[in-house]
């Protein structure tokens, strides 16, 4: 019976991505943006008024990837001044680095000085994470599930999601943290043994999303804990998530 499966496997070919560190995505992918240094104040004000999540700052012009939903409307309006590259490696452990300024074209990376020593020492070869949807729309959650499928297979690096916080080394939060999830999130965090990681995945988790000013949102928990990794995107691409986590735990390039 197994012999009948061989032609099927040969027809499918190699499904997994062999090198997750150096994948080249097509130009249609909306990754790290670049702002032209010659953007005018008038153009800056115009695109800022269009942004649905107030991710675009004025004087100086900036794009906050912690809020950006990557709708690309600013790029459509000013194609010569705003460009979204195919660079998917946008994760960082410094919230300020998510604010892109005119003329900045360098890649986003983690600050080694902000990574706790125990993270490399304990989690380099094995990392179990508990994912909590704190009021998310299920888009980020679906991409995180995809990170463990046959194509991306982050389990090859010892990174896996687990069902219980007591079996986890850290927590991955998606969603803006609604009031009805605030206490559950706190309980989950406390159940994870020390030392533990906190990762925010997606613009909803990092910046609160489109409804950040809603009375239904309660983000007080995020002010009480240290965030180890910010992963932008709406939703974040599996490659953005995997590479960000690998950089955090000290996996070699």
Here is a check on your reading of the model: is residue 128 modelled with pLDDT of 95 or more, within 18 Å of residue 242 (Cα to Cα) and either over 16 Å from the mean Cα position of the chain (by Cα) or in a helix (DSSP H, G or I) (or both)? yes
Checking residue 116 against (1) touching a residue at least 40 places away in the same chain (Cβ under 8 Å); (2) over 30 Å from residue 179 (Cβ atoms); (3) surrounded by 16 or more Cβ atoms within 10 Å (Cβ to Cβ): exactly one of these is not met. Which one? (3)
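Regarding residue 187, is this residue surrounded by fewer than 20 Cβ atoms within 10 Å (Cβ to Cβ) and either in contact with a helix residue (DSSP H, G or I) (Cβ under 6 Å, 6 or more places away or on another chain) or farther than 26 Å from residue 17 by Cβ (or both)?
Answer is yes for this residue.
I need the full set of residues from the stretch 202-220 which are part of a helix (DSSP H, G or I) and surrounded by 19 or more Cβ atoms within 10 Å (Cβ to Cβ), in order please.
Result: 203, 204, 205, 206, 207, 209.
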Would you confirm whether any residue within the stretch 8-20 is loosely packed, with under 11 Cβ neighbours inside 10 Å and within 26 Å of residue 228 (Cα to Cα)? yes
Of all the residues that make up the stretch 221-233, how many are surrounded by fewer than 21 Cβ atoms within 10 Å (Cβ to Cβ) and in contact with a helix residue (DSSP H, G or I) (Cβ under 6 Å, 6 or more places away or on another chain)? 1
Residue hits (the stretch 147-173; crowded, with 16+ Cβ neighbours inside 10 Å and touching a residue at least 60 places away in the same chain (Cβ under 8 Å)) are 147, 152, 153, 154, 157, 159
Among the residues of the stretch 50-70, write down those that are part of a loop (DSSP other than H, G, I, E, B) and touching a residue at least 24 places away in the same chain (Cβ under 8 Å). 52, 53, 55, 60, 61, 65, 66, 67, 68, 69, 70
Which one is farthest from residue 236 (Cα to Cα) among residues in the stretch 71-94 that are in a helix (DSSP H, G or I) and in contact with a helix residue (DSSP H, G or I) (Cβ under 8 Å, 6 or more places away or on another chain)? 77
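Would you call residue 135 surrounded by fewer than 17 Cβ atoms within 10 Å (Cβ to Cβ) and more than 16 Å from the chain's Cα centre (by Cα)?
Criteria not met by residue 135.
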Within the stretch 12-49, the count of residues that are touching a residue at least 40 places away in the same chain (Cβ under 8 Å) and not in a loop (DSSP other than H, G, I, E, B) comes to 3
Do we find that residue 144 is under 21 Å from residue 227 (Cβ atoms), more than 15 Å from the chain's Cα centre (by Cα) and in a helix (DSSP H, G or I) in this structure? no
Would you say residue 226 is more than 23 Å from residue 114 (Cα to Cα) and either in contact with a strand residue (DSSP E or B) (Cβ under 8 Å, 6 or more places away or on another chain) or in a helix (DSSP H, G or I) (or both)? no
Given (1) touching a residue at least 12 places away in the same chain (Cβ under 8 Å); (2) not in a loop (DSSP other than H, G, I, E, B), where does residue 102 come up short, assuming only one miss? (2)
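The values are calculated or read from the model by the stated rules, or taken from the named source; none is laboratory data. Not measured: the values here are computed from a predicted model. Positions of Cβ are generated from backbone atoms using ideal geometry, with glycine treated the same way; all protein chains shown enter the neighbour counts.
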